[in-house]
Amino acid sequence: MTIAEEISKYVNSVRFGDLPQSTVRITKDAIIDTFGCAIGASHERPAEIAKKVIPGGPSFPCSIINSGQRSDASCAGFVNGIMARYFDYNDSYEAKEFAHPSDNIMPLLAVAEWQKSSGKEALLAIALAYEMQCRLSDAASLWKRGWDHTSYGLVSVAACSSLLMGLTVEQTAQAINIALNANIAMRQVRAGELSMWKAVSFPNAARNAIFSAMLAADGMTGPAPIFEGEMGFWNQVSGKFPFPTSKFGGNGGSFKINERITKYYPAEIRSQSAITAALKARKKIDSIKQIEKIDILTTESGYKVLGTGPEKWNPMTKETADHSLPYIVCAALIDGKIDNSSYLKSRFRRADIVSLLRRVTVKEKKGLTRIYPSCIANEVVIKLKGGRVIDEEVLYQKGHPKNPMSSGELKEKFEGLTKRYLTHGQMSSLLSELNKFERLKDVACLFEKR
């Protein structure tokens, strides 16, 4: 049996009843968090561009959040997925490969709306999408080989869209074959000066994965074996890896969605503990003018992803700023916060930030690399004029499974993201529906008037 067939068999074998209640709750929290991110960014420029390009009309089956527009499942998932990702506020998973597994949620909810799926059906598909993407991230690194993590999303969205569409095991395998062969993404999307495509890379993969499932549903076949073949994924992209679905969630193992990391700040996941460290240090400094030097000590991936290249010390785009350890730490020290306003061009080009950035260095600390990814630690060392040194290290940032956000903090985050577009009554109504997600007869109710 090929890996694509093994994945297809696994996805079709797990039932909603196999999900522990704790996993159901965590999955609902992930959906709530992602909905908040999407509504908050529903009129940001990348989403507006996408809305102009997609086909649409009142007869289309799927909703574009907070717009009144409708489109097909692949394009609705594309646009709503851009919204969910744009603020860099949706969840993360760290292993050999990086992932934002909540990227699966909006594309799968578009398919669920199209298929008139129940809450149980959609929730199971989402939990299994996390399982697929996170298990693949455990199996092999893509970024070290120059490929983007969103390539694993082709598998998770193709497999779980197929599940919602009622495809057979064979059709699901063909959807995976088609999606993975045709749509591998390069890591350049996260190198150098970052562009809008940072938020679009996964939604585009999801769009193509849904389309692949549509083709497979009508009998289209794809290249196989897509992982193991002579010119397949192993040889061209990832290297060979085992993928024992017999040990996955529902088969005796715990579900990977339980290990998701919620973001407390809108910033790249490897910067979260650095923000906390900077804010702790700030309380011990009388004036930013006292700072002579800042050393940020981080993991190998923190250094390579967020701390190398001149762009990180001179960001010219929002996307570069929220992926720059030097900028994020400086902004936290000066402003005492990191929020979406931190990434306005008027902010990251301001003279006080530019000046402080010149005093920052980023280095890998081997000890922090050794304990990654169990914790995503950072240490911020600040030398003040006169010789005093402030040293703050944070191992488990707020939102990590070992330092989780409370239900109140999750609600506060949701309300902060949506208050621009929803009344208090609308907020309360949507939160009520999302909190009883598994009892919904048709998930389409989540998109009404939103």
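A simple spin-label model places the labels of S254 and R25 1.4 nm from each other, with each point 7 Å out along Cα-to-Cβ. Could you check the spin-label model distance between K366 and K304? Points 7 Å from the Cα along Cα→Cβ, value in nm. Simple spin-label model gives 1.7 nm for this pair. Taking the charge dipole of the chain about its Cα centre, with +1 at Lys and Arg Cβ atoms and -1 at Asp and Glu Cβ atoms, the residue from S92, A158, P58 reaching farthest to the positive side is S92.
Quick one: helix 119-139 against the long Cα principal axis of the chain, what's the angle to the nearest 10°, folded into 0 to 90? With both axes taken from Cα atoms, the answer is about 60 degrees.
Ordered by the number of other Cβ atoms lying within 10 Å of each residue's own Cβ, fewest first, F98, F243 fall into the sequence F243, F98.
In this calculation the C-beta distance from K280 to S341 is compared with R0 = 25 Å, giving a FRET efficiency of 0.70.
About the centre of its Cα atoms, the stretch 269-394 shows a dipole size close to 300 debye [charges on the beta carbon of Lys, Arg (+1) and Asp, Glu (-1) only; nearest 20 debye].
Scan the stretch 87-131 for trypsin sites (Lys or Arg not before Pro) in coil per DSSP, keeping those whose Cβ has at most 13 other Cβ atoms within 10 Å, and list them by number. Mind showing how you got there, number by number?
Numbers: sites: K96, K116, K120; in loops: K96, K116.
Sparse-neighbourhood loop trypsin sites (Lys or Arg not before Pro): K116.
Free of any GluC sites (Glu not before Pro) that DSSP assigns to a loop and that have at most 12 other C-beta atoms within 10 Å, the longest stretch within the chain is 1-229. Specify the angular offset, from 0 to 90 degrees and rounded to the nearest 10, of the alpha carbon long axis of helix 424-435 from the longest principal axis of the alpha carbons in the chain. Here the helix axis deviates by roughly 60 degrees. The calculated 222 nm mean residue ellipticity attributable to helices in the chain amounts to -14000 deg cm²/dmol, summing -39500 (n - 2.57) over DSSP H runs of n ≥ 4 and dividing by all residues. Taking other C-beta atoms within 10 Å as the exposure proxy, I291, I275 rank I291, I275 from fewest upward.
If the only charges are +1 at each Lys and Arg Cβ and -1 at each Asp and Glu Cβ, what is the size of the charge dipole of the chain around the Cα centre, to the nearest 20 debye? Don't skip to the answer; put the middle values down first.
On the way: 59 positive and 47 negative charges, 316 e Å.
Approximately 1520 debye in magnitude.
Spin-label pair E448-S13: with each label point 7 Å from Cα along the Cα-Cβ axis, the two points sit 3.9 nm from one another.
Each value in this text was obtained by applying a stated rule to the coordinates, not by laboratory testing. The shown structure was predicted, so the numbers you read here are calculated from the model rather than taken from an experiment. Using ideal geometry, Cβ is built from the backbone for each residue, glycine included, and neighbour counts are taken over all protein chains shown.
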